[in-house]
Each structure stands twice: as C-alpha cells, then as structure tokens.
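Here the structure is laid out as structure tokens; the discussion comes afterwards.
The values are calculated or read from the model by the stated rules, or taken from the named source; none is laboratory data. Given the structure is predicted, the values throughout are model-derived calculations rather than measurements. Every residue, glycine among them, receives a Cβ derived from its backbone with ideal geometry; neighbour counts consider all protein chains shown.
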C-alpha cells in the first residue's frame, strides 16, 4: 500500500550505511545527503562510529521512530531488521535494495513472502527487494547514478527493472529530458508498477502533474488496475508511455484454433495499451524519443513543415512522417514567394524548406516566423540543423531556443551533429531544451504519439443485462448444438443447420431448405485442411456421394448440413489470455486467416467505438465498405455482432477459445456459418 512515508518521509534510516560509496549502502547515503534531504537521517552500521559525517547507530533497535527504512544489507539479515522496525519503531515504509530473494531461489522467495507478511500486518509499504530505490522531489533514495535534477513537469519513470531505469535516465538526460520522479519496483514483492500507477492517479495534483508517465514492464500482473488508472491519467492530461518486454514465445505451440494461433500474451498487452490510450514502445530509445516529443505542445493537426539546411535528412524525415499518415504539405503562394526572396539563391520553400548549408540564423528565424504566422496549413515544424564543424552555431541554436518558447505551434529541434557541435548542444540542453539526434527516429515517435487513440473505457464503466445462457456441463470443445444455442442466445445470427450420421436425415434437411447446400465433417479441428468441407452441392446425387465421402474421412463422427450462403468471408474469435481476460479478434476470414493475418484485436468488454475501430482498421476494410462495383456489408450489424460477442464472453468467462470462421456477410445479411467454442471452468 503506497503511503505518505514512502513518498515524503519525515525521517529515513539507512540500514547498512557505509562511507564506501562503491557499495549500495554508501552510495544511497551519499545521494540522500547531496540531494539535500531535509528530514532526520539515521545511519546503521555496527562496525564504525560514523559514516559520511553522520554518527552511526550499531543496531536497528537503537533507532527512534522512523518513517522509512532503506535496507542495504545481505538478504538473510533483512527479516530480523524489518520485524524490529515494523513492530517496535512504527516504520511504515521500506525500500530493500538487496538482491537474493525470489529472483534467486525458492528459499529467497520464501524469505520475501515472510517480509511482505510482516509489513502487511502493520499496513506498511514495501518497494523491492532487488531494486535501485526511489527518487522524487522529497529525497534521492537510490544507490545509482545518474541522479537527475528532479523538477515538476518532467517525466515520471516507474520501472520493473532497476538497470533499465538507469539506462533510460542516462539516455533521457543526454537529450535534455527532465525527470520529476523515478520508482524502481524490483521484484514487486508487495508493490508493483500497477500499484504505483494507481497511486499516481489517485493522488494527482493538477498543478504539479508530470509531463508524461513512463512505464517499463517485464510482467503485467494486474491488468485491470493498469487499465483503470492509466486510462484515467491519460484522460486527465498525463500521457502514458510503456515498454512491455518478454513478448517472444520460445519454440512453437500446438494451437487447436485459428484464434489460439493468432493471439498470445503480446497481443493481449498491445490490446490493453490501446484500450487504455497508452503509447506503446519497444525499446528504451523509442521510449525516450516519444517522451521528448511529449514535452512539446501537441500539434492541432497532422501537417508539418520540415526546415533544414541538408537535403538528405529532410527527405528521410518526409518518408518517416508519411509512413504514419502525417503530411508534409507543399508551401506555395505569395507569402512563400516573399520568404524565398529572403533566402540565398538555390534555396527552396516548397517543403521541405531547404535554406542551404550556407543559410544563416537570421534566415532560419524568417522561415520559422513564416511557419508560425503566414502558413496556416502548417501545424508544427521540425528543424534539422547540424554542422560540418567549420564554425560555431550558437546563433542558430539561440534562434531555435527562443522560437520554441514564443511559437504557438510546436518546433522540434533535430540536432544531428552530436560530435562537431557538442559544446553548443550541451549549452542548448543546459538552457532547458530537449533535442533529437536522429530525424527518422523522431519522425516515427511523432507518428506514434499522433496515432495513439484516446482511452476507450475503464473496466468498471461497462455493464450488460444478464442473459439466460444454458448451464454448460462439458469441458473442451462444445458440441455443435450447444455452440448454436450460445450464439443465438447472445443475439449472434447463426445459419440453419442439422447434424446427423444418417443419410436420410441429411437428405430430408436438404429438401426442406433447398439446394445448393454445404456438408461438413464433425470431428476434425480444421475441416478444410482435412478435406471435411464440401461446398455448393446442387442435387441429391451429389449429396449422397458427398455424405459417403465425409463419413469415410478419418476422425469424422457426424456430418453437418447447411444451406449454401455466399458473401464476404470474415472472421471473429475469442481467446482467454490470463491475466488480461478475453481477447476479441476480428478480420478477413477463410482458410488463409493465419497466412494473411489481416485482423484486429482488443480486450473485452468492448465499447461501440472500439468495435467500429476494429472493423475500420482492417487492411481489407474496403471489402466491407464495398469496392469496384461490389456491395459492402452493413457496418452497424457487424458492430452489433462484436458487441454481442463481448457480452457472451463476459457472462460465460469459461470460454477459452472461439472461432467464428467463416462469418459470411452480404449487405445487411450477416451469418455465422461455422463456429467452434472451447470451454473450461476456472477451477479445472
């Protein structure tokens, strides 16, 4: 439980304090002292009388009441110390820097649990173990460097990995990115990234909120907490950026359905992030670049001017922006002509605006002023300015520094000459600026920021009327009759069908519904692969031959008959992916679903807007919309079907996999032609 003592302690005891700053107990004490901690500071060390100018206490039993204990001692000594601190010293906050717990062995995991139990009984908070610590504007409780100057409006970093937090800080500081707080969660024995996000949301000060929240996960243990509070923060104006590592699955696994083969934990994490409005990144470099973009005002549109004195980088940035649907519009007209007259011969203002390698600071100021005041089609500018190292460029960076602050439109500085003008860049950073060393990385980050949707919904904001679904007693793949019943009860249209192993029953059904019909083998998981689907059977003789063929197909238990229905083949599916819940997939269907992989994914429960976006984000959306004289599909009915599917899995959580493939659609007629549902109770 996050509490005041862990965030702003009035007193801190360092257990294992040292004068040797090469040791965690020495470095954390040095950081606390140099960071100007204003509370009472105690140092525990039984071997020396003082450390770093502080008189030591030989044992934790000699400490008076203390808010926070930072432990930098061997794992085996931590539990006795915590029992005294929590039980006798009213300590309510603990940071365990030490390693040797659950990350090491079962014995370490047992010790870790005992520590959590002791702290939980007193209502305390534990960060760690196996972490670098905590730093915020109140104290610098970390044993690592760098220790950035922490200030309001910078980014807050919450990381499941201490080393990764250090590397992210190093990269960010070198670009001018400022930090407001850093929380390293380590093993997350009691308090994880999700709980810290929840605390930040619940205690957010609108006047002191961070410019962005950066999250690094290796495991997402509580996706419901993350979804609820991250989406709340985004809606309240705090962008959330996250890296989720550990996405690959070693080796292959047998999948009994198309959905099982397509969807996994990485898809689930991505769906969660999209639902919450979290900007997903895949590396530290990408995260820092996205965070740096977020330090600028958000553009009102997607049109950008590229201002450069080097042609190549301008072309590459144009390509990067265009690949994300951002525009580099042509600049022309009387105002453009007047600007061109102020530049050297050979310059161009068409966009990219190229003012040549000989361009001056004054000319750059004219260009950026025109982008701000004269060119209404421009929503923001990217300035690419390097140097061959022939002369200083302080005057150019002075202009960029001033224009960034004066312009109502964002101006992003790309400064690629990180060697030739290192001094000027360092001065630019020292004046409170952020810069980008690579135009393509910056362009991709800007595209990611502009294209990440707003949060769809929080998990506690959706409720559905309870439907009278039948009680399911079987486990595994449900029989076709039960599948048919569940879909119909959920309001999902299912084609008329009959299942039998008697030829006369099949013939009678065909006469009732009329030819042509379809025969399907009941038994093989992927009927098409097993030759278990016969289409367009047009008469009784073909029906008899087809029935006989399917009866002789290995694994066939019965034969299903349906009327033939033609249209666009679509696909809908469900997969329960713990701990995230149910993933819902929708895409272009048929036998090539796993090859083409044209599908979208989100997490249940769905909102109407989510369902619409699932449909419209398909590469093959033009087929649904209608193209080249061919009719499309009623989007409202498709949307309703996906919403009904969401209701079904919410009310029957034991559904682990579902394939609706194909889902045939033609105009306002949408029909489930084939479906499989796998069911398993939670306690099985």
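Looking at (1) part of a loop (DSSP other than H, G, I, E, B); (2) more than 27 Å from residue 395 (Cβ to Cβ); (3) within 34 Å of the chain's Cα centre (by Cα), find the lone condition where residue 321 falls short. (1) is the only condition that residue 321 fails.
Using the structure shown, decide if residue 208 is modelled with pLDDT under 95 and within 19 Å of residue 148 (Cα to Cα). Taking the combined requirement at face value, the residue satisfies it. The number of residues in the stretch 589-611 that are in contact with a helix residue (DSSP H, G or I) (Cβ under 6 Å, 6 or more places away or on another chain) and under 19 Å from residue 674 (Cα atoms) comes to 2. Being outside any helix (DSSP H, G or I) and more than 42 Å from the chain's Cα centre (by Cα), is that true of even one residue in the stretch 351-359? Yes: the stretch 351-359 contains one or more residues that are outside any helix (DSSP H, G or I) and more than 42 Å from the chain's Cα centre (by Cα).
Kindly establish whether residue 153 is buried (at least 24 other Cβ atoms within 10 Å of the Cβ) and either in contact with a strand residue (DSSP E or B) (Cβ under 6 Å, 6 or more places away or on another chain) or in a strand (DSSP E or B) (or both). Please lay out each step first, then the result.
Numbers: buried (at least 24 other Cβ atoms within 10 Å of the Cβ): no; either in contact with a strand residue (DSSP E or B) (Cβ under 6 Å, 6 or more places away or on another chain) or in a strand (DSSP E or B) (or both): yes.
For residue 153, the condition - buried (at least 24 other Cβ atoms within 10 Å of the Cβ) and either in contact with a strand residue (DSSP E or B) (Cβ under 6 Å, 6 or more places away or on another chain) or in a strand (DSSP E or B) (or both) - is not met.
The sole residue among 507, 548, 541 that is closer than 11 Å to residue 561 by Cβ and assigned to a helix (DSSP H, G or I) is 507. Residues that are closer than 30 Å to residue 642 by Cβ and surrounded by 14 or more Cβ atoms within 10 Å (Cβ to Cβ) within the stretch 488-508 comprise 489, 490, 491, 492, 493, 494, 495, 497, 498, 499, listed in sequence order.
Of the residues 173, 158, only one is in contact with a strand residue (DSSP E or B) (Cβ under 7 Å, 6 or more places away or on another chain) and on the phi < 0 side of the Ramachandran plot; which? Full working, then the answer.
Working: 173 fails: in contact with a strand residue (DSSP E or B) (Cβ under 7 Å, 6 or more places away or on another chain).
Criteria check complete, one pass: 158.
Go through the stretch 386-408 and give me each residue that's part of a loop (DSSP other than H, G, I, E, B) and modelled with pLDDT of 95 or more. So that I can check it myself, show each step before the final result.
Pass one, the stretch 386-408, residues part of a loop (DSSP other than H, G, I, E, B): 386-393, 407-408.
Within the stretch 386-408, 407, 408 qualify.
To keep it simple, each residue is scored yes or no on (1) touching a helix residue (DSSP H, G or I) at 6+ places or on another chain (Cβ under 9 Å); (2) within 22 Å of residue 99 (Cα to Cα); (3) in the same structural domain as residue 239 (by TED's automatic domain parsing).
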{"residue": "179", "(1), (2), (3)": "yes, no, yes"}
{"residue": "183", "(1), (2), (3)": "yes, yes, yes"}
{"residue": "193", "(1), (2), (3)": "yes, yes, yes"}
{"residue": "200", "(1), (2), (3)": "yes, no, yes"}
{"residue": "208", "(1), (2), (3)": "no, no, yes"}
{"residue": "217", "(1), (2), (3)": "yes, yes, yes"}
{"residue": "223", "(1), (2), (3)": "yes, no, yes"}
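Of the strands (runs of 3 or more DSSP E) lying entirely inside the stretch 43-140, the ones with 3 or more residues being more than 36 Å from the chain's Cα centre (by Cα) and surrounded by 14 or more Cβ atoms within 10 Å (Cβ to Cβ) are found at 54-57.
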